[in-house]
Amino acid sequence: EIHIKEPIEKEVNPRLLPGELLLCEASTVYKYMQEDGSNRGTYGKLVCTNFKISFLDDDSASDDNEPEFKNKIVGENDITLQCVDQIYGVYDEKKKLLTGQLRKYPERLIIYCKDLRVFNFCLRYTKEEEVKRIVSGIVHHSQTPKLLKRLFLFSYASAAPNNTDGRNQTVMFDTLEDWRDELERTKGNVKYKAVTTNEGYRVSEKLPLYFVVPICISEDSILEYEGRGIPIWCWSCHNGAALLKMSAFPKEQDDSTSQMQKAFLDGIYKTVSKPPYELLKVDDLSSSLPSLQDIQTAYTRFKQLFLIDNSTDFWATDVKWFSLLESTNWLEIIRRVLRKATEVVECLERQHTNVLLIEETATDLCCVISSLVQVMMDSYSRTKSGFQSLIQKEWVIGGHSFLDRCNHLHKSEKEEAPVFLLLLNCVWQLVQQYPPAFEFTETYLTVLSDSLYVPVFSTFFFNSQHQRDTSTSGESLKTQSGPFRFLTVWDWSVQFDPKAQAFLNNPFYAEKPKPDKSQRKTARFKHQRQLSLPLTPAKPSTKRGFFREETDHLIKNILGRRIGKFINSSDESPNNVREFYDSWHSKPVDYHGLLLPRIDGPEIKVWAQRYLRWIPEAQLHGGGTIAITAKILDLMEEVQSLQVKMDEEHSQAVSGDVQSVTTPRNSARLSSLFPFALLQRQSVKPALPTSTWKDLEDEDDLVRRDDEFLDLSGDM
């Protein structure tokens, strides 16, 4: 039986953004609902533009049912072309992947999205010509390779007015002053300097215009190998130790070139190993962490667990959920990355040593580890503006290849890898383990992951600062009011109104207390809690004599060895890291000091909000984080009202001047899918495990078992 909503009587047209063009459309398309195994759904119009695929029904024409958390750019039934993962056609109940030219057109269209939504459209009642146009149009515009300038990003930037919110506090790191300010903030300006050597991109197109290196590094050294083999500064710890990264030299080269590069590296290491620099440890991430291919394979398996378009599939996989989850290896990769970040933190915090991360381009796993280390050690990176500035510094300006890693242009699947998504998954582990330490919420992280696929913002759509700069300098890319500017994703007002933006901010964030001026004079401390733990008998501080001794030993290790054999932090006894880890976890948490993730066993969890938000079967009615939040808000409201009453009694204030407190929503009417979906009808869950359910062929047997269950309840 098919439960249908009558076809729409009035014409519904898509809401087009500036620069958005309607390419093809089809009427009388039937969209199935995913809430249960029935064929319930609604008729509407399916359209494809140069920005999105959109389904329009009669609800699209009214604003009555608009969700509280509404995205102004991408609607509930909109899929940006970059968000389309795979498209399947159904021919005689058989699914077939659709790519390129089609000889036969399907009767059903299933679109799997990168944000894990699944759309199921029936084309049986649509005119044949419209089916051909819409299916071939959707497949062509979302699955075939395209040129960079064909992205909607350019159409929007040239047509949209430049009236963005100028109050954005995010540091963009596109000027020399931004880097100098960051050096000053982290007290790294004593040993490191911001350089202008790459102005005009004369060193390398992969490096940013401005970056930071040790003061002792000369301009000639930077120019010699296009920036390769140069330690580039990421961040300085409170004790002076710094986190650095380096692009490695290609492994396969002739002997003479290899010898020259080795001699160059030896000179660099000798230079940065002298005072005032701390002892240096090198970690080659290509040998100590999974490869990008391993990460891509694991995530591809992992996301299949959540791309579910019917209840039957959900309950069929429910009985073997844990074994399926473990077999993907995704959570294990998250655990390994967090463990590696903890090792780096131990080197910086406890051993007071500089850490040099090495990778082929230093723009993938280097970005992940350096970002995590800063989130764990620097409370500023746990504020909203601080985290956004961190992403700008390490990823956007740092040269992460978003265009290739997200495969926005569909040019090469070999380059695709969810590296940035891996970082967000790791940060989410920390957010859910230590909620008061973060100014932003998990909803913020979920929305940020969705923004990867919205080509209205330039933030995640270029491989480097050079590519972005050259894309905006063309003569054809001018608007009537002059050269256009790309939007940044950090201006959240473009996507959400103030009411919706409230969900991105953590109301329970423990703000850092401001010390009194008198206190500043008497006690000058760098952390509220010192974490250079006395795990071993106290040693003298690293004075010059001790340092020279260590430096001599260091140089002996460097000479005659390849870069990967230098000093590897993974060679450090794991007992030291474990002791540091256990000692930290045995003490009360300082939400503005160092944070170490809990990584043992079941402590690493699935990011439920991102991966389960579109699956009604997985919802908790009146439960989940939102219900807990609502209960706490009730208590906060009660405390606030009592405070108002006390203030009235003490100050004899006029009651009319007292502002009323808004009543929080009833948590019983929400589910754990909120704020991405409102309360949905619960699907019918099998009374027995799926495997047992399938074995039961006799309906009377099932009824008899139900009766037995009821009798037992009655006896009790």
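The values are calculated or read from the model by the stated rules, or taken from the named source; none is laboratory data. Remember, predicted model here, so these are calculated numbers, not experimental data. Don't worry about glycine lacking a Cβ; one is built from the backbone with ideal geometry, like all the others, and counts go over all protein chains shown. Areas reflect the complete protein model, heavy atoms only, side chains present, ligands, DNA and RNA absent. Shrake-Rupley method; radii C 1.70, N 1.55, O 1.52, S 1.80 Å.
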### Summary
Kirkwood radius from Cα pairs of region 66-106 plugged into Stokes-Einstein at 4 °C, 1.567 mPa s, gives D in µm²/s equal to 100 µm²/s
### Task
Normalising by the residue count of region 22-144, find the relative contact order in percent from Cα pairs under 8 Å and 6+ residues apart.
29 percent
### Message
For Lys340, what accessible surface area do you get with a 1.4 Å probe? Give it in Å², rounded to 10.
### Response
10 Å²
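With +1 assigned to the C-beta of every Lys and Arg and -1 to the C-beta of every Asp and Glu, and no other charges, what is the dipole magnitude of region 22-144 about the Cα centre in debye, to the nearest 20? Mind dumping the intermediate values first?
On the way: 18 positive and 20 negative charges, 162 e Å.
Value, rounded to 20: 780 debye.
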### Query
Glu638: accessible area at probe 1.4 Å, nearest 10 Å²?
110 Å²
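Can you sort Met260, Met636 by solvent-accessible area, 1.4 Å probe, largest first? Could the numbers behind the result be given before it?
Working: Met260 115, Met636 80 Å².
Reading off the accessible areas and sorting them downward yields Met260, Met636.
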### Query
Rounded to the nearest 0.05, what FRET efficiency do Glu579 and Arg336 have when you use their Cβ-Cβ distance and R0 = 25 Å?
0.80
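Over all directions, the average projected area of the alpha-carbon convex hull for region 22-144 comes to how many nm²? The partial results should precede the final answer.
On the way: hull surface 31.2 nm².
If you wrap the Cα atoms of region 22-144 in a convex hull and average its projections, you get 7.8 nm².
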### Message
As an exercise, use a Förster radius of 51 Å and the Cβ-Cβ distance of Trp321 and Lys132 to find the FRET efficiency, rounded to the nearest 0.05.
### Response
0.80
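Want the number for Gln432 to Leu16: 0.36 nm per residue separation, take away the alpha-carbon distance, what's left? Each step should come with its number before you reach the end.
Details: separation 416, 0.36 × 416 = 149.76 nm, distance 3.74 nm.
So the extension gain works out to 146.0 nm.
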### Task
Amide H neighbours of Lys281 under 5 Å, at least 5 residues apart or on other chains, H built in the peptide plane: list them.
Asn354, Val355, Leu356
### Message
Keeping all protein chains in the complex and leaving out DNA, RNA and ligands, what accessible area do you get for Leu409 with a 1.4 Å probe, in Å² to the nearest 10?
### Response
20 Å²
## Note on the structure
Of Ile215, Ile87, Ile308, ordered by accessible area with the largest first and a 1.4 Å probe, the sequence is Ile215, Ile308, Ile87
### Task
Starting from the residue with the highest accessible area, list Tyr444, Tyr210 in decreasing order, probe 1.4 Å.
Tyr210, Tyr444
### Summary
Residue by residue through region 128-137, the couplings from Karplus 6.51 cos²θ - 1.76 cosθ + 1.60 with θ = phi - 60°, in Hz, x for Gly and Pro, are 4, 5, 5, 4, 4, 5, 6, 5, 5, x
